[in-house]
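Working notes for the structure below.
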Amino acid sequence: MTRSRFVTYASVLALSGLGLTVLMAAKAAGQKAADPQKPAGPTKRLVCLGYVDTRDKMISLYPENYPLPARVTKVLVHEGDEVTANRPLLEFDIVSLQLKVDEAENAIRRAKAEQAKAEAALRAHAVQVNALAKEYQAKQKELAAKKSELDEAQRLFDLKAGAIINQLQLEAARSAYDAAADNLEAARLKWDGLRVDPPTYLVDLAKEGVKQAENAKAQAEHARDQVRCRAPADGWIIRSFVAEGSNFGPGTRDPAFWFVNKGPLIVRAEVSPEFSRRVARGQRAKIEDEADSDQRWTGTVEVVPDQFLPKRLGNSGLVDIMPVSDERVLECQVTIDAGSGKNLPRFGQKVRVTLGD
């Protein structure tokens, strides 16, 4: 190859490289001149965890006389049972308490007998008063008769034609009159004494005794009837901690049952504070079991509270008083659409809730 031809090839390659560089630079300049592409913003969708619950908190059921002693003789319901309000849940040993009720009934009968005795005494007193009234009237008549006899004796003694009766006879008539007057005064005193102060206090005391006995019976019946455990409302027995022979007392820690009121199920969705602005009342929600995504439901955010609180301890309704961290959540209530899944979720089921689009 001649030197002139080599120079020609080298010049062509240099020009080609320069042209390619100019084209690349122009393309880069055009791209820089175009509007920059906006980065993708944060999505509106929010995913959080929650638990299936009821609006009313789960409550612990104890015997109504708790913490007084009570021994279970029969368990009438089991876990998962649906119960109606006031249904008995347990039977207890109440023999000793029933004996106290029987003793109180006997005391009532004795008190009523004392009342009848007092009323009979009051009636007898009235009879005595009437008898003394008659006696007083008789003494009045007797005094009037003695007064007539005395007057006649005095008249006969004073005759001028000669005394028909002597002084001794006149004094005897006067003594008979004085004795009749004294008898009349004695009859009056006895009549007034019984008439003024009748023994009604005996009847009053007897009636108070009956009231006290009846109150004692009511207290004994109350103590007996308090040894029971009934459903406070329509609902479900979530868990049982009791068996035949179980004893309740001041040292008992576990309740007899965990109970929830009957009502529609909701989801308590726990939203972290940094995402709280994305939640609004009326927002649609997709619900699925945390471990099985084939279990799906839909719902609507019904309640968005105004406060951040520590997480609950599962579905117990209690707040963790010794949390591992100081994390607070916004606990939103999500209603579950009827018929949105093959089966309704179960109480206490842990679910994943997707809010927004």
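If you go through segment 118-127 one residue at a time, do you hit one that is under 46 Å from the mean Cα position of the chain (by Cα), more than 30 Å from Asn247 (Cβ to Cβ) and surrounded by 12 or more Cβ atoms within 10 Å (Cβ to Cβ)? Yes, some residue in segment 118-127 is under 46 Å from the mean Cα position of the chain (by Cα), more than 30 Å from Asn247 (Cβ to Cβ) and surrounded by 12 or more Cβ atoms within 10 Å (Cβ to Cβ). Take Phe241 and tell me if it is under 60 Å from the mean Cα position of the chain (by Cα) and either surrounded by fewer than 16 Cβ atoms within 10 Å (Cβ to Cβ) or free of Cβ contacts under 8 Å to residues at least 60 places away in the same chain (or both). So Phe241 fits the description; yes.
In segment 213-232, the residues that are within 10 Å of Asn65 (Cα to Cα) form Cβ pairs under 7 Å with partners that are assigned to a helix (DSSP H, G or I), at six or more places apart or across chains, as follows: Ala223/Leu97; Arg224/Leu97; Arg224/Gln98; Arg224/Val101; Val227/Leu97. Somewhere in segment 68-83, is a residue β-branched (Val, Ile, Thr), at pLDDT below 85 and in a loop (DSSP other than H, G, I, E, B)? Taking every residue of segment 68-83 in turn, none turns out to be β-branched (Val, Ile, Thr), at pLDDT below 85 and in a loop (DSSP other than H, G, I, E, B).
Looking across segment 243-259, the residues that are closer than 9 Å to Leu61 by Cα and either of a type in the set (A, V, I, L, M, F, W, C) or assigned to a strand (DSSP E or B) (or both) come down to Ala256, Phe257, Trp258, Phe259. Reported count of residues in segment 110-124, each being farther than 15 Å from Gly209 by Cβ and of a type in the set (Gly, Ala, Ser), is 2.
Scan segment 151-161 and give yes if some residue there is out of contact with any Leu (no Cβ under 6 Å at 6 or more places or on another chain), without any contact (Cβ under 8 Å) to a residue 40 or more places away in the chain, within 30 Å of Asn65 (Cβ to Cβ) and part of a helix (DSSP H, G or I), otherwise no. Checking segment 151-161: not a single residue is out of contact with any Leu (no Cβ under 6 Å at 6 or more places or on another chain), without any contact (Cβ under 8 Å) to a residue 40 or more places away in the chain, within 30 Å of Asn65 (Cβ to Cβ) and part of a helix (DSSP H, G or I).
Would you mind stating whether Ala111 is at pLDDT below 85, in a helix (DSSP H, G or I), surrounded by 15 or more Cβ atoms within 10 Å (Cβ to Cβ) and in the same structural domain as Asn215 (by TED's automatic domain parsing)? No: the conditions fail for Ala111.
All of (1) in the same structural domain as Leu122 (by TED's automatic domain parsing); (2) touching a Leu at 6+ places or on another chain (Cβ under 7 Å); (3) of a type outside the set (D, E, K, R); (4) at pLDDT 95 or above hold for Cys229 with one exception: (1).
Taken across segment 191-207, residues that are within 30 Å of Asp151 (Cα to Cα) and surrounded by 15 or more Cβ atoms within 10 Å (Cβ to Cβ) do occur, with at least one present.
The values are calculated or read from the model by the stated rules, or taken from the named source; none is laboratory data. Keep in mind it's a predicted model, so treat the numbers as computed, not measured. Don't worry about glycine lacking a Cβ; one is built from the backbone with ideal geometry, like all the others, and counts go over all protein chains shown.
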